[in-house]
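Quick notes on the structure that follows.
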Amino acid sequence: MENNIIGIFSGKGGVGKTTLTVNLAISMVQFNKNVIAVDTDLKMSGLGLHLNMYKFPTTINDVLSSTKNLLDALYIHSSGIRIVPAPVYAEDVDTSRLKEVLANPYISNSYVLLDSPPGLEKNAIDVISACNSAIILTTPEVPAVTDALKIVDKINKMNVNILGLVINMSDKDSQLDDEEIESALGVKIIGKIPFDKNVRKSLSFRQPLMIYNPYSPASVEIKKIAAKILNEKYENEKFLIFKRIFKGIKK
Ligand SMILES: Nc1ncnc2c1ncn2[C@@H]1O[C@H](COP(=O)(O)OP(=O)(O)OP(=O)(O)O)[C@@H](O)[C@H]1O
Ligand SMILES: [Mg+2]
């Protein structure tokens, strides 16, 4: 059986891939799944920083260069996700072996999320080859959607299944509406994450958003995306707590 490897891709940089990877991974853990987030953005690694984890004796670099095993580069975060970090300062790294490295049978019971570099450089192409499904992320602006189209084309050509499109900062003064973006990219929207000031606040508190504020608007939308991907039912936990309290009172 193939490992369940999902790449998070964007054409343009800075649209929210690392934020989505980290918080989607935590949401999936909250649905009782084993999840590993891998930093495959080797030139501009950021996954560790989003999780307030900095010092790693072994990284994906050592695994790609065959000096270490993938399991040596697995670290656990207090949220329950495991991560495979990239080094903070990467020299020249060859990502050609990424697919082979992630085909490790010891992680076959986990969902593996790949935080990818933006664009279509060789590093990004190796990430596309390594995954068996993809999520496309864009903001609702013409330049971001135009660049997303290039990556969608490439992913389609490489026969990787696209799970859907996520629009981040969806309430930005948008030049494009949902239907226009869907038809431009030929991909269905599976989630819309609003601009949420808690995203930056959570970073300054050195916590992932999903831990800092699980009910903030972006958290709720990311949880809904996780439910869709996992085919689980999304229930608003805030209401569940009230439901339980009222049930208790009624008795
Ligand atoms: N929904 C959101 N609301 C507000 N700010 C956000 C949101 N999503 C991401 N951001 C902010 O946007 C910036 C870029 O996010 P992030 O680092 O996740 O993007 P990226 O696509 O991984 O970037 P890169 O291409 O450089 O790797 C960060 O400062 C982050 O806090
Ligand atoms: Mg990033």
Percentage relative contact order, the stretch 1-49, counting C-alpha pairs under 8 Å, at least six apart: 25 percent
Checking the table 43/197; 12/197; 33/192 against a 25 Å threshold on Cα-Cα, which pairs fail? 43/197
Taking loop as defined by DSSP and a crowding limit of 11 other beta carbons within 10 Å, which trypsin sites (Lys or Arg not before Pro) in the stretch 137-193 fit? 188
Relative contact order as a percentage, the chain, C-alpha pairs under 8 Å and 6+ apart, gives 24 percent
Do you know the relative contact order of the stretch 143-223, to the nearest whole percent, from alpha carbon pairs under 8 angstrom that are 6+ apart? 26 percent
Which percent of the accessible heavy-atom area of the stretch 4-250 goes to carbon and sulfur, probe 1.4 angstrom? 53 percent
Connecting every pair of Cα atoms under 10 Å apart in the chain and solving the GNM, the largest mean-square fluctuation among 45, 96, 204 falls on 204
Could you calculate the contour length gain from residue 215 to residue 245, that is, 0.36 nm times the residue separation minus the distance between their Cα atoms, to one decimal place in nm? 9.0 nm
Given the protein chains as shown and a 1.4 Å probe, how many square angstrom of residue 212 are accessible, to the nearest 10? 70 Å²
Just the number please: accessible area per residue for the stretch 4-250, 1.4 Å probe, all protein chains included, in Å². 49 Å²
Output the Cα-based Rg and Dmax of the stretch 28-182 in Å, rounding Rg to one decimal and Dmax to a whole number. 16.3, 48
What is the distance in Å between the Cα centres of the stretch 45-74 and the stretch 82-137? 12 Å
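The values are calculated or read from the model by the stated rules, or taken from the named source; none is laboratory data. Being a predicted model, the structure only gives us computed values, none of them experimental. Glycine also receives a Cβ, built like all others from the backbone with ideal geometry; neighbour counts cover every protein chain displayed. Only protein heavy atoms, including side chains, enter the accessible area calculation; ligands, DNA and RNA are left aside. Shrake-Rupley method; radii C 1.70, N 1.55, O 1.52, S 1.80 Å.
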